[in-house]
Structures are given as C-alpha cells and as structure tokens.
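Right, one structure below, let's go through it.
Read the figures in this text as sums done on the coordinates, not as results from a lab. Only a predicted model underlies this, so the values are computations on that prediction, with no experimental measurement involved. Heads up, the Cβs are rebuilt from the backbone with ideal geometry, glycines too, and the neighbour counts pull from every protein chain shown.
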Amino acid sequence: MSEPPILAIVGPTASGKSALAIQFALRWGGEVISADASQVYRGLDVLTGKLTPAERAGVPHHLLDVVELDEPFDAGAFARHADAAIAGIRSRGQRVVLCGGTGLYLRALRYGLCLAPPVDPSISAELRAATSSGDLTIIADLHRQLAACDPAAAARIAPRDGQRIERALGVFRSTGRRLSDWQSEHGFQSPRHDIRLIGITMARPLLDLRIRHRVAALFDDPRLQTELSRLALRSADARPRALDAIGYLEALSWHAGKMTRTDAIERVIIRTRQYAKRQTTWFVGDPTIRWFQTLETAGVAPSATGVAASDLDPYIASFWNREGSDA
C-alpha cells in the first residue's frame, strides 16, 4: 500500500496556517512539519511566531529549533531534514502535515533544487563580507545590482535577504548566467513527494488588519524582552545572519533605546505586509494549490482562522481516509 500523500498548508503570514495545521493533525492523526525559514533557529521564538509547546496542543512539531543562530541553513538543508522527519512520522503510522510560508523550502522538498554551479571562492568571499556587515544600505545596493542583471531572481528575493542575494549575484558574476535561467532549465517537473497543497487566502484589508494585531501582540509578549536581551549579547561582536528575520533588527533597536516602541512596531508591520505580498505572489502562480477563502467574519486574532478543518473534510477525504487506504 502506498504512503498517504503529504498535506501542505500554505499562504501569507498571519492567515491562520498554524492553527489549521493543528486541527488537521488532531482530526486525522498527524504530525506537523514547519516550513518556516526563521523558526528553524534556536532562540528566535517570539517574533517568528513560533508556537509554544502548550499552543501545539500535544501535536508533535518538527523542524523547529534545528540550528544555532550562526549556523548556515538553506533550502537544501530543509529538504534533507524534512525528508528525515517525513520518514519518522510515517514509521509511527501518522500522516504528515506541512505548514509554512517559505515557498522556496516547500519547492525544494517537492521538486529538489537546481544544480547551479559553485560560486567562485573570491567572489563568494567578497559578497559574504558585504552581506555579513549588517549594513542594510550595502545589502540594498547589492539587491539593486541583482535587479539589473537578474530581474526575475530579484523579484523573488527580499531586499534585506543577504544570503539569497549573495547566492544569486555570486552565480551571475561567476558564470555570466542568471540564477533564474538555471532554475528555469531545472524545470521543477518531477515531484520527490506526493504533496497536496491547501492555500489560505483572504481579502487584503483583512490580512493587513490581522498583521497589525499580530505584530502588536508579539511586542506585548512578556517573553520578548528576555529574548532580546539574550540576542543583544549574541550580536555584540558579530550579528548572526539569522537576525535578518523580520522584526528582530527593529526590536533590537528599540531594546537598545535607538528607536521608539511605536516606530519599531510600525516598521515591522510594513515589513510583514511586504513579506505577505511576496508570499502571495509566490504561491498564486502554483496551479496545484486548492485555495480556501477566509471570511471577514472570522475576526482578527492572530491565532484564529476563518477556515475550519471540518469544512475541508470532503476535500481531505479525497486523498486521506481513516481506514488507511489513502490514495
């Protein structure tokens, strides 16, 4: 008998994916794998929206707290860790529920990564020195350089994402070819796993309101000051790249007295909305995603979702069932 397909819940941040994933796991007997590029880091808890053990409602979660802040982690590493987690979950007779908004991680797991050539070491060293400086002006300038030589890659990479900017620029400078061309030739046509995707969508005004409420709630979290104190000590000598995660530079500036709390919150809201827009752009082009609409009557609580797992039972039953003959 073939293994049951993997269920993946995707969509923009603050759309209620985590709450829905837990509902599915509880209803159908599953465990959750996080596909979030920031939640893999130990010590990045509050502003990444990482669920506490109590909030996980007894459902095992995987790929949280995988590496230290200064350890490298990319889409290839995610695919390897996720493969191991999937094998373990299935060995326990449970179903796999993927949940997250990092589209590149999900694509790497589903289709693998294109094999672009290695970057010239001297070019890599030069770019890494620039992106590791933490100077957002320098990183933004590198993003503009990337937009000039590889517009498609630049459109998918956030202006502050130094690691991915470094990789894309490095490929072009080393080979004279755009990373987006290498990826296009790869094609991403042969799935490594049978993954059925559910997308959560909502009207933009509602999402913006949910983002505002969520960011405010995260800054009100009593754990945040302790977390920021610890991170400030870690970044005193060299800022770990993991702190590029949305919210941490602003929150640390507030913590250090360099920014007001109000300004920090507003800047994080803006960055989060920009990220949500990029996520939506990434996922909306995937014709294999089955979209479900969150209604405005669902409210704005960050942990709430206007889509109930029970509402989706007819669709889920088309490839999962409780008797075990999944297809």
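At 222 nm, what value in deg cm²/dmol follows for the chain if DSSP H runs of at least 4 each add -39500 (n - 2.57) and the sum is divided by all its residues, to the nearest 500? Rounded to the nearest 500, the figure is -14500 deg cm²/dmol.
Take the Cβ atoms of I123 and A308, set R0 to 51 Å, and the FRET efficiency comes out at 0.50.
Dividing the convex hull volume of the alpha-carbon atoms in region 121-186 by its residue count gives 70 Å³ per residue. Measuring nothing but how far apart in sequence close Cα pairs (under 8 Å, 6+ apart) lie, relative to its length, region 146-210 scores a relative contact order of 23 percent. Once you sort the root eigenvalues of the Cα gyration tensor of region 127-253 as a ≥ b ≥ c, which label holds: rounded (a/c under 1.5), prolate (a/b larger than b/c) or oblate (the other case)? It is oblate, given that a/c is not under 1.5 and a/b is not larger than b/c. With a cut-off of 10 Å between beta carbons, the residues surrounding I123 carry a summed charge of -1, where Lys and Arg count +1 and Asp and Glu -1. Just to be sure I understand, if you calculate Rg/Rh (Cα atoms, Kirkwood Rh) for this structure, which of (1) 0.98; (2) 0.96; (3) 1.03 do you get? Read-out from the structure maps to (2). Peptides 46-53, 81-88 ranked from most to least packed give 46-53, 81-88, packing being the mean of other C-beta atoms within 10 angstrom over each peptide's residues.
Relative contact order (percent) for the chain, with alpha-carbon contacts under 8 angstrom and 6 or more residues of separation? Walk me through the numbers before you get to the answer.
On the way: 490 pairs, mean separation 93.1, N = 327.
The normalised contact order for the chain reaches 28 percent.
Which of the trypsin sites (Lys or Arg not before Pro) found in region 167-249 are in a DSSP loop and have at most 15 neighbouring Cβ atoms, other than their own, within 10 Å? Intermediate results must be reported in sequence, preceding the final value.
Details: sites: R167, R173, R177, R178, R192, R196, R210, R212, R214, R223, R230, R234, R241; in loops: R177, R178, R192, R223.
The qualifying sites are R177, R192, R223.
For region 26-102, the Kirkwood hydrodynamic radius from C-alpha pairs, put into Stokes-Einstein at 20 °C and a viscosity of 1.002 mPa s, yields a diffusion coefficient of 166 µm² per second.
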